[in-house]
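The values are calculated or read from the model by the stated rules, or taken from the named source; none is laboratory data. These numbers were taken from a predicted model, which means no experiment stands behind them. Positions of Cβ are generated from backbone atoms using ideal geometry, with glycine treated the same way; all protein chains shown enter the neighbour counts.
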């Protein structure tokens with residue numbers, strides 16, 4: 001301890017250091033125009049997105065700093081940033097959450113930019129409508145998609161079974177299941193994953209019965225009879241060995257690589273049309289898609305063209321107009337459209353769609369054709385689900401389906417519990 | 001200080017004493033506090049502050065996007081009277097604590113005693129046995145665990161030698177928690193290191209004397225090793241119990257954050273996480289966190305109170 005520094009000198013030195021630090025970061029604030037962007041997705045989506053932000057930097061000298069997370073982590077991070085007043089300017093938004101964020105002012109209405117910064121003349125009307133809350137435009141759809149059953153065509157060929165088409169029904173599913181059991185390929189591959197606790201499958205089945213998961217008022221759109229019948233249907237499918245065993249199905253924890261389609265335990269799996277591209281990258285056999293099964297021959301209306309996701313602008317953003325200009329580029333620029341493909345769904349701007357279609361690879365073509373040719377499967381877009389829908393899905397639909405699968409509950413008990421439990425959660429939220 | 005003493009006309013001596021005290025504090029201690037400042041800022045800003053805030057939030061409804069709304073003790077009342085998932089998750093965590101802690105300690109002690117025989121290459125073995133604790137609850141381990149305990153995994157391959165067809169252990173409700181308990185026991189490294197240090201402290205002449213008197217190895221273990229090791233056992237038990245109550249990552253990764261199958265791996269902490277970041281009920285989640293703190297505190301206090309009956313310190 002022989003070195004001594006005069007205290008005053010030390011303080012001056014350290015404050016100079018602090019000041020230098022502060023000035024050091026100044027230039028990045030002072031830059032002409034910069035935006036922050038946050039989205040959920042995997043590396044493939046990120047590569048496409050950053051391809052477009054690079055293009056935008058060349059075109060407009062605006063820096064868009066992106067950040068991406070997996071779906072499960074995304075909403076925690078976004079809510080935390082929003083609560084801290086630090087939300088990114090451009091936010092990828094889901095149909096499930098748009099009402100909640102809009103009503104709390106966390107995202108901004110974009111109507112004042114339409115016609116100037118945002119040109120939406122040839123934008124699909126139904127997709128535009130889907131981004132509205134209380135009559136105001138809060139989200140620009142990045143693509144239309146629909147639920148779809150993914151088909152492992154290689155497995156069907158090997159088993160010598162005709163793959164299903166848009167016309168197929170739940171009765172056909174029983175037949176396909178029996179055919180797979182007698183073919184016994186690939187170590188006892190089953191026809192379909194256990195979809196009894198797949199929320200979109202239940203939604204689709206209810207819509208064909210003229211019901212819905214939720215009403216426009218955010219209440220439950222079905223009753224106990226429906227729920228019991230749903231669980232009974234899947235109990236029969238399980239018993240007949242049409243779907244995979246419950247302890248196999250429970251290995252699916254969400255990520256693509258844990259699903260029954262990728263692990264090769266089932267030849268069919270309910271999913272979304274835009275996800276074919278992602279799954280094809282993980283499966284050796286060629287994949288195809290068709291609609292969800294019909295409850296009876298010729299019964300349609302279960303499907304709908306859903307905005308797969310939106311871009312919204314944060315309510316706290318200091319450069320809303322700049323963000324709107326970026327959104328405009330993202331959905332309307334032809335070159336941007338070619339980079340994005342249909343990975344986020346079918347482009348909603350007609351000019352982009354026409355320019356992009358011929359450039360697509362096979363998997364993207366299949367998705368495009370499927371959504372364009374839904375025919376009588378297509379029904380109306382349902383109202384956005386209530387805020388607590390996520391909790392109903394995680395706490396009830398997934399758990400109850402499993403409980404019936406493992407024999408811990410009868411379909412009757414599970415059906416009753418789904419209705420009372422969901423009503424409880426909806427009233428609490 | 002100086003101004004006041006001038007006004008009141010205090011004697012010169014007192015003034016000098018006061019100022020010299022202050023000078024001394026300033027000269028001697030101020031740099032110390034200055035260097036501590038970053039830690040203080042972190043401690044108050046990032047630890048104490050959030051703890052107090054979470055206590056306040058536990059009496060509110062708070063969804064992160066709108067301001068907290070005071071609801072009194074409603075969160076706590078709901079938890080104990082009207083939340084089956086609270087009890088389900090409590091049961092899972094309790095099972096985990098009750099089984100994983102003793103098993104892990106027994107395993108750690110056993111390995112420590114094997115390693116305490118003065119064998120060659122001891123540092124290597126110590127490092128190898130410690131390795132699983134370092135790997136911790138990483139994604140890679142979770143995937144490895146799924147490979148081992150799935151239907152066509154390593155365990156069932158082994159069982160099939162004896163003609164037993166095992167289920168998919170990790171995704172069957174009756175067994176899934178046990179695969180996570182085994183994962184915890186496998187990570188026995190840090191208590192083992194502490195046991196090893198404790199075993200070294202036991203004087204060899206005691207064992208020699210016991211051998212001369214004809215005591216068997218088991219008797220030596222019961223009468224010498226265990227009693228002299230009780231302070232270390234006590235320490236390890238407390239630390240591991242707290243760790244077990246806090247356990248989150250293995251279940252989160254293995255079940256993909258769902259606690260499935262059928263909530264059989266819905267740890268208390270996982271439920272807390274779901275409420276907070278899945279359903280955005282920060283108030284309720286804060287209340288859950290405080291109940292966990294109280295529970296861990298009670299367990300620890302109970303351990304300390306009973307310790308005087310079974311922990312033997314050197315007099």
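Brief remarks on what is shown
- Residue tally, condition assigned to a loop (DSSP other than H, G, I, E, B) and on the phi < 0 side of the Ramachandran plot, over segment B:270-315: 7
- Here residue A:255 meets each of (1) modelled with pLDDT under 90; (2) more than 25 Å from residue B:147 (Cα to Cα); (3) surrounded by fewer than 19 Cβ atoms within 10 Å (Cβ to Cβ) with one exception, condition (2).
- For the condition surrounded by fewer than 22 Cβ atoms within 10 Å (Cβ to Cβ), out of contact with any strand residue (DSSP E or B) (no Cβ under 8 Å at 6 or more places or on another chain) and within 14 Å of another protein chain (Cβ to nearest Cβ), residue B:256 qualifies.
- Any hit, segment A:118-141, residues being crowded, with 23+ Cβ neighbours inside 10 Å, under 16 Å from the mean Cα position of the chain (by Cα) and assigned to a strand (DSSP E or B): yes
- Residue list for segment A:339-356, filter: surrounded by fewer than 17 Cβ atoms within 10 Å (Cβ to Cβ) and out of contact with any strand residue (DSSP E or B) (no Cβ under 9 Å at 6 or more places or on another chain): A:351, A:354, A:355
- In segment A:380-415, the residues that are surrounded by fewer than 17 Cβ atoms within 10 Å (Cβ to Cβ) and more than 12 Å from chain B (Cβ to nearest Cβ): A:380, A:381, A:383, A:410, A:412, A:413
- Subset of segment A:59-76 that is assigned to a helix (DSSP H, G or I) and under 17 Å from the mean Cα position of the chain (by Cα) - its residue that is modelled with the highest pLDDT: A:74
- Enumeration of residues in segment B:51-80 that are surrounded by fewer than 12 Cβ atoms within 10 Å (Cβ to Cβ) and within 14 Å of chain A (Cβ to nearest Cβ): B:67, B:69
- Conditions (1) surrounded by 13 or more Cβ atoms within 10 Å (Cβ to Cβ); (2) more than 14 Å from chain A (Cβ to nearest Cβ); (3) modelled with pLDDT under 85; number of the one not met by residue B:143: (2)
- Of the helices (runs of 4 or more DSSP H) entirely within segment A:313-371, those holding at least 3 residues that are closer than 28 Å to residue A:102 by Cα and out of contact with any helix residue (DSSP H, G or I) (no Cβ under 8 Å at 6 or more places or on another chain) occupy A:320-332.
- Of all residues in segment B:157-176 being out of contact with any helix residue (DSSP H, G or I) (no Cβ under 6 Å at 6 or more places or on another chain) and in contact (Cβ under 8 Å) with a residue 40 or more places away in the chain, the one that is nearest to the other protein chains (Cβ to nearest Cβ): B:173
- Residue match in segment B:171-183 (condition: under 21 Å from residue A:264 (Cβ atoms) and in the same structural domain as residue B:242 (by TED's automatic domain parsing)): yes
- Any hit, segment A:387-408, residues being touching a strand residue (DSSP E or B) at 6+ places or on another chain (Cβ under 8 Å) and modelled with pLDDT under 90: yes
- For the criterion of being more than 21 Å from residue A:385 (Cα to Cα) and within 12 Å of another protein chain (Cβ to nearest Cβ), residue A:62 fails.
- Residue in segment A:151-158 that is closer than 30 Å to residue A:98 by Cα, in contact with a helix residue (DSSP H, G or I) (Cβ under 9 Å, 6 or more places away or on another chain), surrounded by fewer than 19 Cβ atoms within 10 Å (Cβ to Cβ) and without any contact (Cβ under 8 Å) to a residue 40 or more places away in the chain present: no
- Among helices (runs of 4 or more DSSP H) entirely within segment A:182-271, having at least 1 residues that are more than 14 Å from every other protein chain (Cβ to nearest Cβ) and on the phi < 0 side of the Ramachandran plot singles out A:199-208, A:224-239.
- Considering residues of segment A:95-117 that are away from chain B (no Cβ under 11 Å) and within 18 Å of the chain's Cα centre (by Cα) only, the residue surrounded by the most Cβ atoms within 10 Å (Cβ to Cβ): A:98
- Only a single item in (1) at positive phi; (2) in the same structural domain as residue A:327 (by TED's automatic domain parsing) is not met by residue A:360, and it is number (1).
- Condition met for residue A:151 (outside the structural domain of residue A:333 (by TED's automatic domain parsing), closer than 25 Å to residue A:287 by Cβ and part of a strand (DSSP E or B)): yes
- Residue A:236 vs. criteria under 24 Å from residue A:95 (Cα atoms) and more than 22 Å from the chain's Cα centre (by Cα): no
- Residue selected from segment A:78-94 under the condition crowded, with 21+ Cβ neighbours inside 10 Å and modelled with pLDDT under 90, by the criterion farthest from the other protein chains (Cβ to nearest Cβ): A:82
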